[in-house]
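What follows is one structure encoded as structure tokens, with my remarks underneath.
The values are calculated or read from the model by the stated rules, or taken from the named source; none is laboratory data. Note that this is a predicted model, so its numbers are computed, not measured. Cβ placement follows ideal geometry from the backbone for every residue including glycine, while neighbour counts extend to all protein chains displayed. Remember, those area values only see protein heavy atoms, side chains included, never the ligands or the DNA or RNA. Shrake-Rupley method; radii C 1.70, N 1.55, O 1.52, S 1.80 Å.
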Amino acid sequence: ESAERPWKLINRQDRETERGFFPVAIDADDRLLVLSDMATGRYALHRYDDAADAPGELLAGHPQFDISADDLIYSADDRIPIGVSILEDKRRSYWFDKDRSAVQQAVDASLPAGRENALRFLRGGQVLVASSGDVEPGAYYLFDPEKRTLSEMLRSRPWLQPEQLASMQVLRYAARDGQQIVSYLTVPRGTQPDAKLPLLVWVPGGPHGRE
């Protein structure tokens with residue numbers, strides 16, 4: 001609490017076997033932010049309640065997916081958390097204030113549906129947009145919130161054209177224990193729906209990781 005006060009233990013747990021919480025950041029009001037799975041079994045972001053010595057106000061959570069410390073998005077100047085980027089079926093960003101949320105909605109509406117659009121808010125007020133998807137290997141744009149303009153800056157792999165690439169479907173299936181597994185299916189362009197195709201299965205590491 002201060003340089004003169006002694007250290008205070010706020011939590012001790014075995015994260016492999018026990019639910020609990022752990023600190024991940026400090027917010028703009030010098031309040032401790034923690035990730036906790038005590039409420040639903042999924043790690044969510046809370047503002048720590050000093051009086052109760054427990055996770056307090058819920059800032060961000062998802063009913064199906066955990067939030068990790070690496071999912072926090074920080075401001076460029078003061079390293080204050082301003083949002084989270086959650087790997088749902090595809091990665092999506094959620095912002096803690098209405099202005100950034102409005103910018104995300106405007107960018108998403110301006111670009112083709114299904115893309116992942118990651119935003120970086122620059123000091124001058126403009127926004128750098130990194131956009132990618134199944135038929136878009138990667139493109140960078142500059143968004144001006146005042147003029148409401150979106151200008152393409154560069155493409156990461158300009159030799160790959162969208163019409164050359166195959167679209168990807170997000171699928172879910174039940175594992176033996178009933179857990180829903182997220183998977184991704186890509187079929188060759190021009191394939192008929194009833195075509196009997198060979199299947200190549202790519203099993204990622206983890207067990208929590210997926211590609």
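Loop-resident chymotrypsin sites (Phe, Trp or Tyr not before Pro) (DSSP state other than H, G, I, E or B) in the stretch 102-176 with no more than 15 further Cβ atoms inside 10 Å of their Cβ: Trp159.
Comparing Ala118, Ala76, Val203 along the charge dipole axis of the chain, the residue lying farthest to the positive side is Val203, per the Cβ-charge model. Per-residue SASA remark: Trp95, around 30 Å² accessible (1.4 Å probe; ligands, DNA and RNA not included).
Rounded to the nearest 20 Debye, what is the dipole magnitude of the stretch 89-195 about its Cα centre when Lys and Arg each give +1 and Asp and Glu each give -1 at the C-beta?
Details: 15 positive and 13 negative charges, 50 e Å.
Using only the charged Cβ atoms, the result is roughly 240 debye.
Find the accessible area per residue for the stretch 1-54; the probe is 1.4 Å, ligands and nucleic acids are left out, and the unit is Å².
Details: 3910 Å² over 54 residues.
Dividing the accessible area of the stretch 1-54 by its residue count gives 72 Å².
Ignoring any ligand, DNA or RNA, what whole percent of the accessible area of the stretch 50-201 comes from carbon and sulfur when the probe is 1.4 angstrom? Numbers along the way, then the final one.
Details: 5200 of 10190 Å².
It is 51 percent, rounded to a whole number.
Basic side chains Lys and Arg get +1 at the Cβ, acidic Asp and Glu get -1 at the Cβ, and with that the dipole of the stretch 72-114 about its Cα centre reaches some 100 debye. Please report the relative contact order for the stretch 96-211, taking Cα pairs under 8 Å with a sequence separation of at least 6, and give it as a percent rounded to a whole number. 13 percent.
Charge tally for Gln179 (other residues, Cβ to Cβ under 14 Å; Lys, Arg +1; Asp, Glu -1): +2. Return one number: the angle in degrees, 0 to 90 and rounded to the nearest 10, between the long axis of the Cα atoms of helix 98-110 and the longest principal axis of the Cα atoms of the chain. Tilt of helix 98-110: around 10 degrees.
Given Cα pairs under 8 Å that are at least 6 residues apart, what percent is the relative contact order of the chain? Before the final figure, lay out the partial values.
Working: 317 pairs, mean separation 16.7, N = 211.
Result for the chain is 8 percent.
Placing +1 at every Lys and Arg Cβ and -1 at every Asp and Glu Cβ, with all other atoms neutral, what dipole size does the stretch 43-123 have around its Cα centre, in debye to the nearest 20?
Values: 10 positive and 15 negative charges, 100 e Å.
It comes to approximately 480 debye.
Looking at the stretch 109-151, which trypsin sites (Lys or Arg not before Pro) are in a loop (DSSP not H, G, I, E or B) and have at most 10 other Cβ atoms within 10 Å? Don't skip to the end; give the middle numbers.
Numbers: sites: Arg115, Arg120, Arg123, Lys147, Arg148; in loops: Arg115, Arg123, Lys147, Arg148.
In loop regions of the stretch 109-151 (DSSP not H, G, I, E or B), the sparsely surrounded trypsin sites (Lys or Arg not before Pro) are Arg123, Lys147, Arg148.
Calculated on the Cα set of the stretch 114-207, radius of gyration then Dmax: 18.2, 54 Å.
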